[in-house]
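**Student:** Structure provided below as structure tokens; questions to follow.
The numbers here are math on the coordinates, done by the rules we state, and not lab data. Note that the coordinates shown come from a computational prediction; the quantities given were computed from them, not determined experimentally. Neighbour counts run over all protein chains shown; Cβ positions are idealised from the backbone, glycine included.
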Amino acid sequence: MNDTPGIIDGRIPERVTLRVRSLKPYTSELTSEQIGLLAEIAEKYGAGYVHVTPRQTVEIPHIERSYIDEIVKKLAETGLSPGSTNRYSRNIIACSRWCLFNAHPMTGIAEVLNREFADREFPGKVDISLSGCDFSCVRSRTSDIGVIARAEVEITDKKCKKCSLCIKEPLGCQVDAIQITDDGVEIDTERCIRCGFCTNVCKPGSLKVLSRGFDIYVGGRGGIRPKEAVYLGYVPEEDELLDTIRRILKIYSEGAVEGERISDLIDKQGLAIIGAWK
């Protein structure tokens, strides 16, 4: 197997698939200029089409190996880079910045982590997924490290006008955690997923975000042996989140052998290792 970041051996000798990630300006997005360049490369050097991966990277198949250096130079001019293969850090993905239900925008955190770990080699595959809310569109509960943003909502002393925007489609609570009673608005804390979207549509201000933070999960995986991640804990600040992820990766790198993923390390050392990550 080819161990060069971003290069995947093809079925035809001397033909490879080039996996491309965007490091500028947004790690989870592509600009129109970048899309145009990818189309140009696919047409000129490849088979005329590309494949978008679940990790928000783009694969260009059937490229002659001799053209790789030339292509990489072109990619660098627009902030694109080969990578996210083998034991190198997979592209760290996040929800879109414009999703209505983001409790906290996650693309900025993905950008910081990708720039720090883009070319870092680990004992095994590492998937990191950053979800803006509990809908977890980027599969945070089945990633090696998963993050779900949270918004703690409080009911204020401002009188509810019973406009029903917080409970009716299309803007109302998606999990039916809110009720409007004779006394005003009520929140079912068992149902609430803490996305905070209700505070965006509450015009009187009866609902307000009290605080924001992040739930962290570790040890999930997909593939042939799928596994749900273990809940690690809650952190209230971005800096603490970043430090926790760095600590997890450091302990994993030092404690795992080649081929082991974070879930394997948990299986080997037991849940006691969770305490070292907190």
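**Student:** Using 0.36 nm times the number of residues separating residue 70 and residue 168, minus their current alpha carbon distance, what extension gain do you get?
**Tutor:** The span from residue 70 to residue 168 would gain 29.8 nm if fully extended.
**Student:** Report the one residue of 209, 78, 241 whose Cα lies farthest in the direction of the positive end of the charge dipole of the chain (charges on C-beta: Lys and Arg +1, Asp and Glu -1; origin at the Cα centre).
**Tutor:** 209
**Student:** 7 Å from Cα along Cα→Cβ at both residue 258 and residue 115: what's the point-to-point distance in nm?
**Tutor:** 3.3 nm
**Student:** Give me the net charge for the shell around residue 237: Cβ to Cβ below 11 angstrom, other residues only, Lys and Arg +1, Asp and Glu -1.
**Tutor:** Cβ neighbours under 11 Å give a net charge of -3.
**Student:** Given the options 211, 96, 81, which has the most mean-square fluctuation in a GNM of the chain, springs set between C-alpha atoms less than 10 angstrom apart?
**Tutor:** The residue that fluctuates most here is 211.
**Student:** May I pose another question? Evaluate E = 1/(1 + (r/R0)^6) for residue 269 and residue 190, where r is the Cβ-Cβ distance and R0 equals 30 Å; express this FRET efficiency to the nearest 0.05.
**Tutor:** Calculated value: 0.35.
**Student:** Picking from 144, 157, 176, which is most flexible by a Gaussian network model of the chain using Cα springs under 10 Å?
**Tutor:** 157
**Student:** Can you tell me which of 184, 83, 132 moves the most in a GNM of the chain? Springs connect C-alpha atoms under 10 Å apart.
**Tutor:** 184
**Student:** Sticking with this structure for a sec: Going by alpha carbons, how many degrees (0 to 90, nearest 10) lie between the helix axis of 238-255 and the longest principal axis of the chain?
**Tutor:** Its long axis makes an angle of about 50 degrees.
**Student:** Okay, moving on. Stretched out fully, how many nm does the piece from residue 234 to residue 211 gain, at 0.36 nm a residue minus the Cα gap?
**Tutor:** Taking 0.36 nm per residue and subtracting the Cα distance, the gain is 7.1 nm.
**Student:** Grab the DSSP H runs of the chain that are 4 residues or longer, score each as -39,500 (n - 2.57), total them, divide by all residues and round the 222 nm result to the nearest 500 deg cm²/dmol.
**Tutor:** So the calculated ellipticity at 222 nm is -7500 deg cm²/dmol.
**Student:** Mind pulling the angle between the C-alpha long axis of helix 107-117 and the longest principal axis of the chain? Nearest 10 degrees, somewhere in 0 to 90.
**Tutor:** 40 degrees
**Student:** If you keep only loop residues by DSSP, which trypsin sites (Lys or Arg not before Pro) in the stretch 74-160 have at most 11 other Cβ atoms within 10 Å of their Cβ?
**Tutor:** Answer by residue number: 159.
**Student:** Go ahead and run the numbers for FRET between residue 180 and residue 31, Cβ-Cβ distance against an R0 of 41 Å, rounding to 0.05.
**Tutor:** Taking R0 as 41 Å, the efficiency between residue 180 and residue 31 is 0.40.
**Student:** Which net charge results when you count Lys and Arg as +1 and Asp and Glu as -1 among the other residues whose beta-carbon is under 15 Å from that of residue 41?
**Tutor:** -1
**Student:** Let me ask another. What whole-number distance in Å separates the alpha-carbon centres of the stretch 207-278 and the stretch 124-168?
**Tutor:** If we compute the Cα centre of each part, the gap is 18 Å.
**Student:** Let me ask another. Within the stretch 130-216, list the GluC sites (Glu not before Pro) lying in a DSSP loop whose Cβ has at most 10 other Cβ atoms in a 10 Å radius.
**Tutor:** Taking the stretch 130-216 and a limit of 10 other Cβ atoms within 10 Å, the loop GluC sites (Glu not before Pro) found are 190.
**Student:** How big is the dipole moment of the chain about its Cα centre under a simple scheme where the beta carbon of each Lys and Arg is +1, that of each Asp and Glu is -1, and everything else is neutral? Debye, nearest 20, please.
**Tutor:** 260 debye
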